[in-house]
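See structure below.
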Amino acid sequence: MSSPVNLKNHDFEGFCAALAPAEPNRVEQLKLFASVFSHGAQEMADLKAAPQVRAATRDWVQAHGTLPKLSIVERRKADDGFVKYLFESPLGGRFEAVRIPLFDTKYVVCISSQVGCALACDFCMTGKMGFQRNLETWEVVDQVLQIRAEAELPVRGVVFMGMGEPLLNYANTTRAARILCHPAGLAISGKSITFSTAGWVPGIRKYRADQLPYRLAFSVTSAIPGKRAQVLPVENTWPLSSLIPEIKAYAEETGNRAMVAYVMISGFNVGREDAEALRDAFEGVPVMIDLIDVTDPTGKYQPPTAEELTAFRDHLQVVKAPIARRYSGGKDIGAACGTLEASQRGGILMPEPLSELP
């Protein structure tokens, strides 16, 4: 073969195709796939322990396969238990993932899909980095593999809410999701995998056409087009008028309320007129409103005051939709929503694998 087979870069169908020259049977395909993803093989030598694999198949995989790995630059733990991993890739660039504790029983991992981001949301530090490149499938999955390997609790969910717009890296992120939810992969329920989009309509349309089993979260932040354009430049390319029909269709096709993420900014989008604009824009659309405080290290944008929040939640009753407030943790280490920028600051620096720490 002219080039080695990256065993981490394929969903199960692609994995089987890549191994086709070795003529593995179905059991061997599953056992090898499980060795890479379910068991998290670190080195090619680890695949020698895969059960029910013939020597000839194992020899071919050893001769032609590779298992690339991200480097962990550092781990930082926040006061609230969130842990941010800073990764560096042999392909170039640094990016981050966040381990989120839930109820002291499990973790959800927030992962990145790009180095930087092209959408340039004004309150997002990743957007200020500009776009550098898409992550490959294996780079997306390896974030979860490495965090899971160190975790003392099971990883039960993954959210594509880290650096980058996942629907602008559609092929790699959806392939990664197929690995994450495959029974012989990481066996994470499709309903526990969420893609967050700033409103990239072509990606949403493809996502709907493919009838993917994961969840979508739609970042709106304002239903007043002029205001939305100030903070989400994607409004100038794919305006709310083109986004809302996609949200409605998604809700109807899935039979669930669509999650509308709303980043609250003091003095900007938390007034009565903002609630009424949401009511008018989403009339007849089954949604739930997910409120998030803005976190802007530059200080340009501030979260709502307690008085603003109380008043806005009262105003939102006109929308006649469930309202939730998302906790955005890890602020002291730059791990909160909108703050990922491959930074190294705050919290407790964890020099060793977390599973080995007291």
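What to note about this one:
- Check on PHE82, within 16 Å of LYS331 (Cα to Cα), of a type outside the set (Val, Ile, Thr) and touching a Pro at 6+ places or on another chain (Cβ under 8 Å): yes
- Subset of segment 79-116 that is under 14 Å from the mean Cα position of the chain (by Cα) and open to solvent by 20 Å² or more (accessible area, probe 1.4 Å) - its residue that is nearest to PRO154 (Cα to Cα): VAL108
- Segment 224-249 residues that are over 18 Å from CYS117 (Cα atoms), paired with ones that are assigned to a helix (DSSP H, G or I) and of a type in the set (S, T, N, Q) (beta carbon under 8 Å, 6 or more apart): PRO225/SER241
- Enumeration of residues in segment 255-280 that are surrounded by fewer than 22 Cβ atoms within 10 Å (Cβ to Cβ), over 11 Å from SER219 (Cα atoms) and in contact (Cβ under 8 Å) with a residue 60 or more places away in the chain: ARG257
- Of the listed requirements (1) surrounded by fewer than 21 Cβ atoms within 10 Å (Cβ to Cβ); (2) under 22 Å from the mean Cα position of the chain (by Cα), SER242 misses just one: (2).
- Only residues that are among the acidic types (Asp, Glu) and at pLDDT below 85 were counted in segment 317-358, giving 2.
- Test: residue in segment 54-64 that is β-branched (Val, Ile, Thr), open to solvent by 10 Å² or more (accessible area, probe 1.4 Å) and in contact with a Pro (Cβ under 8 Å, 6 or more places away or on another chain): no
- Among the residues of segment 201-239, the one identified as touching a Pro at 6+ places or on another chain (Cβ under 9 Å), surrounded by 22 or more Cβ atoms within 10 Å (Cβ to Cβ) and not charged (D, E, K, R) is GLY203.
- ARG175 within 18 Å of ILE100 (Cβ to Cβ), open to solvent by 10 Å² or more (accessible area, probe 1.4 Å), at pLDDT 95 or above and not polar (S, T, N, Q): no
The values are calculated or read from the model by the stated rules, or taken from the named source; none is laboratory data. Remember, predicted model here, so these are calculated numbers, not experimental data. Cβ: placed from backbone, ideal geometry, glycine included. Neighbour counts: every protein chain shown. Just the protein is used for accessible areas: all its heavy atoms, side chains included, with ligands, DNA and RNA removed. Shrake-Rupley method; radii C 1.70, N 1.55, O 1.52, S 1.80 Å.
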